[in-house]
């Protein structure tokens, strides 16, 4: 299999065959992220993609899961994605699930009918980086959409029948009162979007990004471990969508949390409180990565 640059995938896709259909991120201006700065965005030629699928069949045999890389396969033309999905199902008779990251802008560029066609063709899950429900924060991090547009993108994916997995970013607002407002606004957006899965990551400073430069210049003060846990606590308290599979087990998080809402809410809050009291270990800064 051929790959260009560093390849990223959601933690839950560790058993998936990674098929690179686009290179980099079509947006690639978020101020906290440097994931795709080593490559220039482009869509791979279809003949190369189809050849990679044939190579994967010879190398792996039959596979059950495929993740479409890089940062936003949804940006491709719908007919091209349909061709890829058909080729995958033809090559792998046991294929159960094809998944991808979905950018909000590229999702909004599709019609509901196009997204429904992709779902019928086998695109089962979309991972959407919401980050925050705050209009001010979305503008500050150059996400390219406001909260209303982000909500619409999530609703479109869910209404098309896709298994919607949303990611949000604890600590994105920095210290003080904005931290609580960020958690409350984010919970309010998630409650309206109604995803099936929610992962809460925690902001980690990454060199060569605008937010890192803001930290060095004193314009942005990151939250402390305790403040990140308090923010996560507010998020959990305010979430009302159910059922919801909640995870906060990324290497960026200070404490690993995983459970279902509403049934595990009390237990999850108890784990946060134990960490705040010093009764549960907290991940060191050195071992945290975004």
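Every number in this text was worked out from the coordinates using simple rules, so none of it is lab data. Quantities reported herein were computed from a predicted structural model and do not represent experimental measurements. With ideal geometry, Cβ positions are generated from the backbone for all residues, glycine too; neighbour counts draw on all protein chains shown.
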Quick check: the angle from helix 147-159's long axis to the longest principal axis of the chain, C-alpha only, nearest 10 degrees? 50 degrees
Linear extension gain, residue 89 paired with residue 116, 0.36 nm per residue minus alpha-carbon span: 8.0 nm
Pop a pseudo-label 7 angstrom from the Cα along the beta-carbon direction at both residue 180 and residue 62 and give the gap in nm to one decimal. 5.6 nm
Estimate the FRET efficiency between residue 238 and residue 267 by the formula 1/(1 + (r/R0)^6), using the beta-carbon distance for r and 25 Å for R0, to the nearest 0.05. 0.90
So how far apart, in nm, are the two label points at residue 221 and residue 14 if each is 7 Å from Cα heading toward Cβ? 3.7 nm
What's the Kirkwood radius of segment 78-229 in Å, using all Cα pairs? 16.8 Å
Against the longest principal axis of the chain, how steep is helix 177-193, in degrees 0 to 90 to the nearest 10, with axes from Cα atoms? 40 degrees
Please state the Cα pair-distance histogram of segment 11-287 with 5 angstrom bins from zero: what percent is in each bin? 1, 6, 12, 16, 17, 16, 13, 9, 6, 3, 1, 0
Provide the gained length on full extension for the span residue 97 to residue 196, in nm with one decimal, where the gain is 0.36 nm per separating residue minus the Cα-Cα distance. 34.0 nm
Taking N as the number of residues in segment 25-84, what value does Rg over Cα atoms divided by 2.2 N^0.38 Å take? 1.32
If I model a spin label as a point 7 Å beyond the Cα along the Cα-Cβ vector, how far apart are those points for residue 43 and residue 208 in nm? 2.8 nm
Computed log₁₀ I(q)/I(0) - Debye formula, equal Cα scatterers, no solvent, segment 67-109, q 0.23 Å⁻¹: -0.81
Can you tell me the length gained on complete extension of the stretch residue 6 to residue 148, counting 0.36 nm per residue apart and subtracting the Cα distance? 47.9 nm
Taking the 0 to 90 degree range and rounding to the nearest ten, how far is the long axis of helix 225-238 tilted relative to the main principal axis of the chain, both from C-alpha atoms? 70 degrees
If you restrict to DSSP beta bridges whose two residues both lie in segment 11-287, what percentage is antiparallel, to the nearest 5? 20 percent
Of the candidates 187, 267, 147, which one comes out as most mobile in a Gaussian network treatment of the chain with C-alpha springs shorter than 10 Å? 267
